[in-house]
1. E101 is checked against (1) away from ligand 2 (no atom under 16 Å from the Cβ); (2) without any contact (Cβ under 8 Å) to a residue 60 or more places away in the chain; (3) among the acidic types (D, E) and fails just one. What number does that condition carry?
2. So, in region 36-49, how many residues would count as being more than 16 Å from ligand 2 (Cβ to nearest atom) and more than 20 Å from Q188 (Cβ to Cβ)?
3. For region 139-155, does any single residue satisfy the condition of being outside any helix (DSSP H, G or I), more than 16 Å from ligand 1 (Cβ to nearest atom) and surrounded by 13 or more Cβ atoms within 10 Å (Cβ to Cβ)?
4. Suppose the filter is touching a His at 6+ places or on another chain (Cβ under 7 Å), within 16 Å of ligand 3 (Cβ to nearest atom), among the hydrophobic types (A, V, I, L, M, F, W, C) and in contact (Cβ under 8 Å) with a residue 40 or more places away in the chain; does L71 pass it?
5. Within region 63-86, is there a residue that is under 15 Å from the mean Cα position of the chain (by Cα), in a helix (DSSP H, G or I) and away from ligand 1 (no atom under 12 Å from the Cβ)?
6. When residues of region 1-41 are filtered for being more than 15 Å from the chain's Cα centre (by Cα) and hydroxyl-bearing (S, T, Y), how many remain?
7. Considering each residue of region 209-229, count those that are surrounded by fewer than 19 Cβ atoms within 10 Å (Cβ to Cβ) and within 26 Å of L36 (Cα to Cα), and give that number.
8. What are the residue pairs meeting all of these: first residue in region 13-35, first residue more than 15 Å from ligand 2 (Cβ to nearest atom), second residue of a type in the set (F, W, Y), Cβ atoms under 9 Å, and 6 or more apart or on different chains?
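Rule-based calculations on the coordinates, nothing more; no lab input. Everything numeric here is computed off the predicted structure, so don't read it as measured data. Cβ sites come from the backbone with ideal geometry, for glycine too, and all protein chains shown count toward neighbours.
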Amino acid sequence: MTVPAHVAIIMDGNGRWAEERGLPRLVGHREGYRTLRQIILSADKLGIGYLTVYAFSAENWRRPKEEVDGLMQLIAQAAIDELRVMHQNNIRIRTAGRIHEVPESLREALERGVETTKNNSGITFTLCINYGGRAEIVDAVNLLIAKGSPSIREEDISSNLYNPDIPEPDLLIRTAGEMRWSNFLLWQGAYSELVVVQKPWPEFTFEDLREACEEYSKRTRKFGGLAEG
Ligand code: IPE
Ligand code: IPE
Ligand code: MG
């Protein structure tokens with residue numbers, strides 16, 4: 001099996017998972033966090049070099065305040081609680097998104113995680129928070145304007161994204177069945193292979209990740225050219 005170097009995941013379906021059980025949506029988000037802890041280790045075990053997950057979109061502020069506040073608290077607490085184990089496992093933490101706009105406690109917890117693990121050589125785990133694909137491209141263009149670029153080439157955009165050193169995702173997984181992109185990695189995902197899983201995120205397992213990678217390894221990537229051989 002050809003293991004994808006970089007897997008990106010749209011972790012969707014936490015709310016539906018909870019609602020189907022008559023539970024508050026935030027319980028679904030808590031279960032989703034439990035899943036994520038396992039999946040980071042699973043990805044590492046499979047030999048995936050980069051794992052990028054969509055945890056909160058730039059558009060998710062449109063949700064009720066209670067859900068938004070609960071999510072911010074959950075993510076901040078998780079960032080604090082998980083740091084030691086992540087560091088022990090040689091995981092390198094990154095973030096993507098307009099981090100300066102999230103509550104300070106969350107921003108500080110994330111910055112500590114990134115700083116503490118920056119020299120680790122294991123899997124690179126990127127948490128996308130207040131992330132929008134369009135916003136990322138706009139931010140890159142504004143950086144280029146500030147640098148005085150007279151005109152813009154594709155390489156200029158690529159090298160001014162939030163994490164320009166991270167390769168583009170090979171495999172993009174979305175859980176909970178929706179066949180849409182929801183403003184995730186618009187630039188980097190131009191040639192990603194898509195796998196949509198019907199299960200909601202809280203039910204996603206190591207085996208599901210392995211199956212998605214297996215499906216990926218059967219795909220023929222062409223990047224606009226012709227298949228090799
Ligand atoms: C994904 O689950 C997590 C976030 C967007 C924060 P949802 O909360 O979107 O779950 P559904 O789509 O309502 O089931
Ligand atoms: C995408 O899911 C964002 C995250 C998983 C964080 P959404 O649930 O926000 O996407 P839509 O609204 O169904 O497109
Ligand atoms: Mg959703």
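1. With respect to (1) away from ligand 2 (no atom under 16 Å from the Cβ); (2) without any contact (Cβ under 8 Å) to a residue 60 or more places away in the chain; (3) among the acidic types (D, E), E101 is out only on (1).
2. Result for region 36-49: 8.
3. Residues of region 139-155 outside any helix (DSSP H, G or I): 147-153.
From the residues that got through so far, the ones that are more than 16 Å from ligand 1 (Cβ to nearest atom) too are 147-153.
Checking the rest, the ones that are also surrounded by 13 or more Cβ atoms within 10 Å (Cβ to Cβ) come to 149, 152.
Yes, region 139-155 contains a residue that is outside any helix (DSSP H, G or I), more than 16 Å from ligand 1 (Cβ to nearest atom) and surrounded by 13 or more Cβ atoms within 10 Å (Cβ to Cβ).
4. yes
5. yes
6. Residues flagged as more than 15 Å from the chain's Cα centre (by Cα) and hydroxyl-bearing (S, T, Y) within region 1-41 amount to 1.
7. Restricting attention to region 209-229, the residues satisfying the condition of being surrounded by fewer than 19 Cβ atoms within 10 Å (Cβ to Cβ) are 210-211, 214-215, 217-229.
Remaining after also requiring within 26 Å of L36 (Cα to Cα): 210-211, 214-215, 217-219.
Count: 7.
8. Matching pairs, first to second residue: L23/W17; V27/W17.
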